[in-house]
Every structure is written in structure tokens, then in C-alpha cells.
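Asks: Please see the structure below; I have some questions.
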Amino acid sequence: MTQRFDLVEGVAAGLEDRAAAWWFVQDFAEHWAVPLGDGDGWTEADLAAAEERLGLRLPAALREAYGLFGRRSDLTAQHHALLGPAALHLDEDGRVLVLRHGNQDAAAWGVGLDELHRPDPAVLYSRGGDWQPWLDRLSVALVELVLSESLHAPADRSDLLEPLDDAALRTVEQQYVQLPFPDYPVFAAPHGSRWFAGDEVLLREDAGGPLYARARTPEALADLRKTLPGDWLNADGA
């Protein structure tokens with residue numbers, strides 16, 4: 001009998017330990033998307049070629065993630081794309097290895113060259129200006145990336161509620177579990193966001209902005225809309 005995947009427990013573990021982060025991604029793919037399989041990761045030859053081109057060694061966390069799920073665009077590149085090894089590059093000042101580009105190049109994420117010696121280095125973030133701290137471990141940033149990209153799943157499993165009024169926000173806070181992400185800026189919400197989850201629902205509340213929703217099934221999304229009635233973007237096509 002297959003053990004039920006607990007999204008809340010999986011995220012909590014994945015934020016604490018690098019190996020657990022990859023177990024979380026594997027379990028999330030199996031239960032919420034398509035299971036990981038052969039060919040979903042980049043090969044050692046791909047990684048070695050990138051290192052030779054760049055003249056540097058990639059951190060262990062990035063190598064592990066690339067090897068496990070780096071080619072799965074549904075997990076890594078629905079909106080703000082994780083770059084493949086051949087597309088990795090340095091920023092204009094040659095101080096940051098750029099790993100991810102925002103939609104329409106409005107933002108970028110990377111690792112400072114002075115951090116590359118660490119197995120699980122801190123991640124930086126830029127919105128067209130100076131680089132700022134993002135998250136203190138790459139494995140945590142990649143868990144956040146997989147969850148954020150999952151919010152852009154097909155319309156029968158994802159939706160957007162805007163505006164998010166006070167009553168709806170209170171319902172979210174009362175009926176769903178807040179995930180233990182550290183404070184960090186989010187692309188669309190510089191003042192921070194909060195993640196919540198239920199048995200079959202993942203939510204992100206952007207401070208002063210909309211509520212993003214990802215459900216495991218169409219039925220779970222329909223139930224969410226009943227729990228939080230409002231102007232859901234995709235409801236008319238449900």
C-alpha cells in the first residue's frame with residue numbers, strides 16, 4: 001500500500017535538509033504531476049561541459065538537482081525558468097553565476113562566485129538592479145522554485161483570486177497550514193509572501209496582492225472555490 005504524500009510534512013523536511021529537498025521534489029512530482037523518470041535530469045557530460053565553458057565548479061546542490069529533475073520544464077520552467085547547464089552565465093560584472101531568469105527577463109536569480117565553494121550556497125536575486133539576498137540555501141530556493149512553478153499548471157488545476165479580501169484571507173489562515181518558509185522577497189511581492197497548504201491544495205498569498213492556488217485535482221480546485229468564493233480567474237472555464 002502506498003503511503004499518502006503529506007505536502008506540509010514534505011515541505012517542512014525539504015527546507016531543513018538538502019537530501020530531503022530532493023525527496024520532496026520526487027514525491028511532489030509523483031503525487032502532483034508526473035513521476036520523475038530516466039532522462040529527466042541532465043547528464044554528467046552536460047554538467048562537465050558547462051563547468052569547462054564557465055571555468056568553475058558547480059555547487060553540489062545544483063549538480064544534484066540538475067541530475068534529478070533539471071530537464072523537467074513542468075517543474076522548473078512554467079513561468080520563471082531555471083536555466084539549463086548550457087545557458088548558465090555570469091552577470092555583467094562577472095560576480096554572480098546566473099541560474100534562473102524571470103518571465104520577460106524582469107528578474108534573475110544566481111549564486112555569488114564567492115559562494116560556489118559551498119555545497120548548498122546562498123542565492124541572490126535581482127530585479128534589474130543590485131543583487132540582493134534571496135534564500136540562504138540553494139536547495140531551499142529550488143523547493144520554492146518547484147512550488148512557484150507549479151502555480152502555473154493547466155487551468156483545471158490552478159487559479160488566481162484577486163482581490164483577496166480580509167474575510168478570504170482569514171479563511172485561508174484558519175483552514176490551511178502555513179508552510180515554514182523563511183522570510184524572503186517574491187518577484188511580484190517585494191514585501192513578502194506566505195505559503196499555505198491543505199491535503200490537496202497549495203496556496204501562496206502575496207502581500208497586498210492576489211492569492212495563487214494549485215490543486216492536486218480539478219475536484220480539489222472546485223472545492224477550494226467553494227471554500228473561498230470570489231472572482232477566480234479561471235472559474236468561467238471550469
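Asks: Being of a type in the set (Gly, Ala, Ser) and out of contact with any Lys or Arg (no Cβ under 8 Å at 6 or more places or on another chain) is the filter here; which residues of the stretch 1-32 pass it? Give the steps one after another, and end with the answer.
Replies: Restricting attention to the stretch 1-32, the residues satisfying the condition of being of a type in the set (Gly, Ala, Ser) are 10, 12-14, 19-21, 29.
Once the filter is applied, which keeps residues that are of a type in the set (Gly, Ala, Ser) and out of contact with any Lys or Arg (no Cβ under 8 Å at 6 or more places or on another chain), the stretch 1-32 yields GLY10, ALA12, ALA13, GLY14, ALA19, ALA20, ALA21.
Asks: Answer yes or no as to whether LEU97 is buried (at least 19 other Cβ atoms within 10 Å of the Cβ), in a strand (DSSP E or B) and out of contact with any Ser or Thr (no Cβ under 6 Å at 6 or more places or on another chain).
Replies: Values: buried (at least 19 other Cβ atoms within 10 Å of the Cβ): yes; in a strand (DSSP E or B): yes; out of contact with any Ser or Thr (no Cβ under 6 Å at 6 or more places or on another chain): yes.
It is true that LEU97 is buried (at least 19 other Cβ atoms within 10 Å of the Cβ), in a strand (DSSP E or B) and out of contact with any Ser or Thr (no Cβ under 6 Å at 6 or more places or on another chain).
Asks: Consider the stretch 102-130. How many of its residues are at pLDDT 95 or above and of a type outside the set (Gly, Ala, Ser)?
Replies: 13
Asks: Just name the residue that is surrounded by the most Cβ atoms within 10 Å (Cβ to Cβ) out of those in the stretch 180-202 that are among the aliphatic types (A, V, I, L, M) and modelled with pLDDT of 95 or more.
Replies: Just the residues of the stretch 180-202 that are among the aliphatic types (A, V, I, L, M), to begin with: 186, 188-189, 197, 201-202.
If we keep only those that are modelled with pLDDT of 95 or more as well, we get 197, 201-202.
Details: ALA197: 21, VAL201: 21, LEU202: 26.
By that ranking, first place goes to LEU202.
Asks: List every residue pair whose Cβ atoms lie under 7 Å apart, where the two residues are 6 or more positions apart in sequence or sit on different chains, the first residue falls within the stretch 148-161 and is in the same structural domain as LEU202 (by TED's automatic domain parsing) and assigned to a strand (DSSP E or B), and the second residue, located anywhere, is crowded, with 16+ Cβ neighbours inside 10 Å and among the polar types (S, T, N, Q).
Replies: Listed pairs, sorted by first residue: ASP159/ASN234.
Asks: Here is a check on your reading of the model: is GLN178 touching a Phe, Trp or Tyr at 6+ places or on another chain (Cβ under 6 Å) and under 25 Å from ASP199 (Cβ atoms)?
Replies: Numbers: touching a Phe, Trp or Tyr at 6+ places or on another chain (Cβ under 6 Å): yes; under 25 Å from ASP199 (Cβ atoms): yes.
Spelling it out, GLN178 is indeed touching a Phe, Trp or Tyr at 6+ places or on another chain (Cβ under 6 Å) and under 25 Å from ASP199 (Cβ atoms).
Asks: On to the next question. May I ask you to list the residues in the stretch 47-68 that are within 12 Å of LEU88 (Cα to Cα), part of a helix (DSSP H, G or I) and in contact (Cβ under 8 Å) with a residue 60 or more places away in the chain?
Replies: Selection gives LEU62 alone.
Asks: Counting only residues that are over 20 Å from GLU144 (Cβ atoms) and either not assigned by TED's automatic domain parsing to the domain that holds LEU142 or not in a helix (DSSP H, G or I) (or both), how many does the stretch 1-46 have?
Replies: First, pick out the residues of the stretch 1-46 that are over 20 Å from GLU144 (Cβ atoms): 1-4, 34-35, 37-39, 42-46.
Those left that are additionally either not assigned by TED's automatic domain parsing to the domain that holds LEU142 or not in a helix (DSSP H, G or I) (or both): 1-4, 34-35, 37-39, 42-43.
Here the count works out to 11.
Asks: Taking the stretch 117-147 as the search range and keeping residues that are aliphatic (A, V, I, L, M), out of contact with any helix residue (DSSP H, G or I) (no Cβ under 6 Å at 6 or more places or on another chain) and free of Cβ contacts under 8 Å to residues at least 40 places away in the same chain, which one is surrounded by the most Cβ atoms within 10 Å (Cβ to Cβ)? Walk me through how you get there before you give the answer.
Replies: Going through the stretch 117-147, the residues aliphatic (A, V, I, L, M) turn out to be 122-124, 135, 138, 140-143, 145-147.
Still in the list and also out of contact with any helix residue (DSSP H, G or I) (no Cβ under 6 Å at 6 or more places or on another chain): 124, 140-141, 145, 147.
Narrowing further to those that are free of Cβ contacts under 8 Å to residues at least 40 places away in the same chain: 124, 141.
Numbers: LEU124: 24, ALA141: 26.
Within the stretch 117-147, the match that is surrounded by the most Cβ atoms within 10 Å (Cβ to Cβ) is ALA141.
The values are calculated or read from the model by the stated rules, or taken from the named source; none is laboratory data. As the structure is a prediction and not an experimental result, all values here were calculated from the model. Backbone-built Cβ (ideal geometry, glycine too); neighbour counts: all protein chains shown.
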